[in-house]
Amino acid sequence: MGCGDKSFNKQAVDRRSFLSVALGWSVITPIAPLFAQLATSRNGSLSKEERDRLTPSQVIEELKKGNERFRTGKMVSRDYRAEQRTSASGQYPAVVILGCLDSRVPAEIIFDAGIGDTFNGRVAGNVVNDDLLGSMEFACAVSGAKVALVLGHTACGAVKGAIDDVVLGNLTGLLARIKPAIPATKFDGEKSSKNAEYVDAVARTNVSLVLLEIRRRSPILEELEKNGTIKIAGAMYDLATGLVDFVG
Ligand SMILES: [Zn+2]
């Protein structure tokens, strides 16, 4: 997510030129994709210029490409220390991701992103409250992120807890935020937390309802979406396959 170090790229080109002379290959200089000429290497964080020239749709495309790199084991070779240094004086993330607490859904890793590329809010069941909405408004309206992404996932324990009506301390109130997704899910079959298909269907509904909540409770984000400055999108991550499926 961001252009690589220029000297590195130049070296790479020089090396290709050398090889082409030495071996008689024809050189086709690759045209770098906007966000990620990073497909193979990355030496710094996303710059303001790189982030600002992306459209919201391009940011989503880059997230899809990053997830594909992750799924296929072709992650960018990354220098975290360089990313830490280049982002220390400022951050220009392209997306704010509202994801689940689940330890198996670390957004930066499954999107093959680096330090400074993504804002992340994580809470069990990827639900919103005022503080998370405020964080998303900061990310988009103040900092300039182009996409607000709600990221649900399969086999979500919080969704199972909501289905099972779990009562436990402060968790009870959190699960109550997920519960509207239960009656809103049309499903033929056993409606139980033991039915993985049902759990995932409710999780998917939950993502859709959270998207509606964001638009309803944040006039700021709704307006940014209406005027095309940002996209508000949802996605489901499959724990078994590693695939992120964008659901709108
Ligand atoms: Zn979860």
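Laboratory data are not the source of any read-out in this text; all were calculated from the coordinates shown. Here the structure is a predicted model, which is why all the values come from computation and not from measurement. Positions of Cβ are backbone-derived with ideal geometry, glycine not excepted, and every protein chain shown enters the neighbour counts.
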Next item on the list: Can you pull the one-decimal nm distance between simple spin-label points at T72 and D245, each 7 Å off the Cα toward Cβ?
Entry: 2.1
Item checked: Stretch gain in nm, segment E190-D165, where the contour uses 0.36 nm per residue and the Cα spacing is subtracted -> 7.4 nm
Item checked: Cα-centre dipole for region 110-248 with unit charges at Cβ (Lys and Arg positive, Asp and Glu negative), debye to 20 -> 240
Next item on the list: Mind scanning K160/K226; K65/K179; K48/K226; K74/K226 and naming the pairs with a C-alpha gap bigger than 25 Å?
Entry: K160/K226; K65/K179; K74/K226
Margin query: Would region 97-196 count as rounded, prolate or oblate if I go by the C-alpha gyration tensor, calling it rounded below 1.5 in a/c and otherwise prolate when a/b exceeds b/c, oblate otherwise?
Written below: prolate
Check: Which loop-located GluC sites (Glu not before Pro) does region 151-228 contain, where loop means any DSSP state but H, G, I, E or B and the Cβ has at most 11 other Cβ atoms within 10 Å?
Finding: E190
Item checked: Gain upon complete extension [E108, K179; 0.36 nm per residue less C-alpha separation] -> 22.8 nm
Item checked: Rg in Å to one decimal, and Dmax rounded to a whole Å, for region 207-248 via C-alpha atoms -> 12.4, 37
Check: R0 = 22 Å: FRET efficiency of E197 with D131, Cβ-based, nearest 0.05?
Finding: 0.10
Notebook entry, point to check: Using a ≥ b ≥ c from the Cα gyration tensor of region 84-153 (square roots of the eigenvalues), is it rounded, prolate or oblate, where a/c under 1.5 gives rounded and otherwise the larger of a/b and b/c decides, a/b for prolate?
Noted result: oblate
Check: Roughly how many debye, to the nearest 20, is the charge dipole of region 97-157 about its Cα centre, given +1 on each Lys and Arg Cβ, -1 on each Asp and Glu Cβ, and no other charges?
Finding: 100
